[in-house]
1. Of all residues in the stretch 1-25, how many are farther than 26 Å from Gly45 by Cα and either of a type in the set (Val, Ile, Thr) or in contact with a Gly (Cβ under 7 Å, 6 or more places away or on another chain) (or both)?
2. I need every pair where a residue in the stretch 5-29 that is more than 18 Å from Leu39 (Cβ to Cβ) has its Cβ under 7 Å from the Cβ of a residue that is in a loop (DSSP other than H, G, I, E, B), sequence separation at least 6 or different chains.
3. Does the stretch 12-41 hold any residues that are surrounded by 14 or more Cβ atoms within 10 Å (Cβ to Cβ) and either over 26 Å from Met1 (Cβ atoms) or small (Gly, Ala, Ser) (or both), and which are they?
4. Checking the structure you have, find out if any residue of the stretch 15-27 is over 18 Å from the mean Cα position of the chain (by Cα), modelled with pLDDT of 90 or more, outside any helix (DSSP H, G or I) and not polar (S, T, N, Q).
Amino acid sequence: MYIIAIAWAYITILMAATEPNLVAGVLTLVFYGILPLALLLWVFGTPKRRHARRQLEQMGNSTEPEASAESLNENPH
């Protein structure tokens with residue numbers, strides 16, 4: 001996936017470099033390069049973030065199983 005992001009960044013940098021003025025080059029880089037790449041990396045990184053969050057939750061639950069069982073038995077009323 002990163003090879004696609006690198007290739008797209010290369011293409012958009014070249015597109016921005018061929019624009020007639022600086023403002024058009026910056027806008028091309030931002031709207032054709034940075035924003036789509038950020039969206040792509042965020043969408044394709046979601047499963048990895050979800051997996052990491054689950055592992056952290058499991059590690060947190062495995063270190064204190066007695067405390068969580070006691071909190072379930074307590075009556076808040």
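1. 5
2. Gly25/Glu19
3. Matches in the stretch 12-41: Ala16, Glu19, Gly25, Gly33.
4. The answer is yes; a qualifying residue exists.
The values are calculated or read from the model by the stated rules, or taken from the named source; none is laboratory data. Computed from a predicted model, the values in this text were never measured in an experiment. A quick note on method: Cβ atoms are made from the backbone with ideal geometry, for glycine too, and the neighbour counts reach across all protein chains shown.
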